[in-house]
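I have placed the structure first, in the form of structure tokens, so that the comments after it can refer back to it.
The values are calculated or read from the model by the stated rules, or taken from the named source; none is laboratory data. All figures in this text were calculated on a predicted structure; none of them were measured in a lab. Glycine gets a Cβ as well: all are built from the backbone with ideal geometry, and neighbour counts include every protein chain shown. All accessible areas refer to the heavy atoms of the entire protein, side chains included, with ligands and DNA or RNA removed. Shrake-Rupley method; radii C 1.70, N 1.55, O 1.52, S 1.80 Å.
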Amino acid sequence: MIRVENTPRDYAWGSLTDIAELRRVEPTGKPEAELWLGTHPGSPTQILDVAQADGAGTIADFLTQRGDAPLPYLLKILAAAHPLSIQAHPSPEQAREGYARENAAGIALDSPVRNYKDDAHKPELIFALSERFEALCGFRSISETVAELERLAAANAQACSPTSALTEFSQQLLDRGDRALAWAVEWALSGENARALVSEISTAGVLTKDELLIELARDYPGDPGIVVALLLNRVTLRRGQTLYLPAGNMHAYIQGLGIEIMAASDNVLRGGLTSKHVDVPELLSVAKTDVLPVPLLEAVQVSPGVDIFEPDVPDFSLAHVHLEGDISQTQAIVLRRHAIVTCTSGKLYIAGHESDIELSQGQHAFISAEEQAITVRGVGELFIAL
């Protein structure tokens, strides 16, 4: 068991305080969006005691020295103060085909128009740590979207503003039948089609005091992704609720603090709310443009105080350990592979077959699969990437 740490990434959408408070350190005054725990080369996790890891400075180096593969997952602490881009991720087959196609076309891996940075899929799971975590995910029914468009049109009409774009878009959605969602995404993101509609939505958002639309218009003025956002389910997670986003599910995190785990891939197809490259045909080849329910994932309780979230992919699962009151020690948690642990409250003692470690809030550890299984005791909360 090895103590590890990393530096939060300062993406503009990050919170000024949430990650610092979780780590029990002073805020830097800059946004802190994500803290990565894994072997991803974008932000390799550092080993605190290199002597404990045969001189290796990162988890990636340590595993390479052992002849082990990189971790198939990436664990993150994510803190969104502003909306992230709308995006979808490819299936394994789509990732392999797209990566090979762009390699054959000679598109550099660091090119801003590159869609596939690797040949892997990127399913992801987010556990809400904040009392509220706001997100958009999956397309909702046309009837729900039309009802919202009519509400916005009525607000504009009452303010003596024109509503031609809103009413025309509503009618187009109704007329398109089964192809309505795919048509709407392509129409909104192609060229200047949606400029008038975005303007009307933004105006109506202010008139109706719609917090989401006001925030989108403020952070992404004129962005056609505001139209795409109207097509998606609005979701408010309570603390402890979890979304699982498989391949093809269009989504965007809006605001909140969470624990995220995903396959260790960089493959993102963006659908608006971004200044980065948006490849509309490729997005539509990946995104599922049918109506989808909100993809809440329920945990399986394996012992008192221990829940495990098991998505339908082999890359990762997430254990949530929450011990309080008279629950002081868990049953054994079996390690399928090398694990990473992050402690989010209290103080917990972890024991394995070979070693042990104590973690307090804001501390993290790498645990070798050689431990086989671990037990936890104390009072607090931690998450284990398995």
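Residue by residue, here is whether (1) among the hydrophobic types (A, V, I, L, M, F, W, C); (2) open to solvent by less than 30 Å² (accessible area, probe 1.4 Å); (3) over 22 Å from residue 134 (Cα atoms) holds:
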residue: 191; (1), (2), (3): no, no, yes
residue: 196; (1), (2), (3): yes, no, yes
residue: 204; (1), (2), (3): yes, yes, no
residue: 207; (1), (2), (3): yes, no, no
residue: 216; (1), (2), (3): yes, yes, no
residue: 220; (1), (2), (3): no, no, no
residue: 227; (1), (2), (3): yes, yes, no
Exercise. Evaluate the stretch 180-187: report whether one residue or more is outside any strand (DSSP E or B), under 29 Å from residue 14 (Cα atoms) and not acidic (Asp, Glu).
Key: yes
Quiz item: In this structure, does residue 300 turn out to be on the phi < 0 side of the Ramachandran plot and in contact (Cβ under 8 Å) with a residue 12 or more places away in the chain?
Solution: no
Quiz item: Quick one: in the stretch 275-289, which of the residues that are touching a helix residue (DSSP H, G or I) at 6+ places or on another chain (Cβ under 8 Å) and small (Gly, Ala, Ser) is surrounded by the most Cβ atoms within 10 Å (Cβ to Cβ)?
Solution: 287
Quiz item: Mind checking whether some residue in the stretch 287-308 is acidic (Asp, Glu) and farther than 30 Å from residue 182 by Cα?
Solution: yes
Quiz item: Do any strands (runs of 3 or more DSSP E) entirely within the stretch 234-305 hold 1 or more residues that are modelled with pLDDT under 95 and small (Gly, Ala, Ser), and if so, which?
Solution: 300-303
Practice problem: Examine the stretch 102-121 for a residue that is assigned to a strand (DSSP E or B) and open to solvent by less than 50 Å² (accessible area, probe 1.4 Å), and state whether such a residue exists. | Solution: no
Quiz item: Looking at residue 176, is it in contact with a Phe, Trp or Tyr (Cβ under 7 Å, 6 or more places away or on another chain), charged (D, E, K, R), farther than 14 Å from residue 222 by Cα and at pLDDT 95 or above?
Solution: yes
Practice problem: Find all pairs meeting these conditions: Cβ atoms under 8 angstrom apart; at least six residues apart or on different chains; first residue within the stretch 109-132 and small (Gly, Ala, Ser); second residue open to solvent by less than 10 Å² (accessible area, probe 1.4 Å) and assigned to a strand (DSSP E or B). | Solution: 120/263; 128/237; 128/242; 128/256; 128/258; 130/256; 130/258
Practice problem: Please state which of the following conditions residue 86 fails to meet, knowing it meets all the rest: (1) more than 30 Å from residue 369 (Cα to Cα); (2) open to solvent by 10 Å² or more (accessible area, probe 1.4 Å); (3) of a type in the set (Val, Ile, Thr). | Solution: (2)
Quiz item: Could you say whether any residue in the stretch 135-158 is touching a strand residue (DSSP E or B) at 6+ places or on another chain (Cβ under 8 Å), buried (at least 24 other Cβ atoms within 10 Å of the Cβ) and either part of a loop (DSSP other than H, G, I, E, B) or free of Cβ contacts under 8 Å to residues at least 24 places away in the same chain (or both)?
Solution: no
Quiz item: Taking the stretch 35-53 only, how many residues are open to solvent by 10 Å² or more (accessible area, probe 1.4 Å), free of Cβ contacts under 8 Å to residues at least 60 places away in the same chain and either aromatic (Phe, Trp, Tyr) or not in a loop (DSSP other than H, G, I, E, B) (or both)?
Solution: 5
Quiz item: Within the stretch 314-369, how many residues are polar (S, T, N, Q), within 21 Å of residue 242 (Cα to Cα) and surrounded by fewer than 16 Cβ atoms within 10 Å (Cβ to Cβ)?
Solution: 0
Quiz item: Among the residues of the stretch 263-280, is any of a type in the set (A, V, I, L, M) and on the phi > 0 side of the Ramachandran plot?
Solution: yes
Quiz item: When the residues of the stretch 264-274 are filtered to those that are out of contact with any Ser or Thr (no Cβ under 6 Å at 6 or more places or on another chain) and surrounded by fewer than 23 Cβ atoms within 10 Å (Cβ to Cβ), which remaining residue is farthest from residue 114 (Cα to Cα)?
Solution: 264
Self-check item: In the stretch 54-67, the residues that are open to solvent by 40 Å² or more (accessible area, probe 1.4 Å) and either polar (S, T, N, Q) or closer than 26 Å to residue 320 by Cα (or both)
Solution: 64, 65
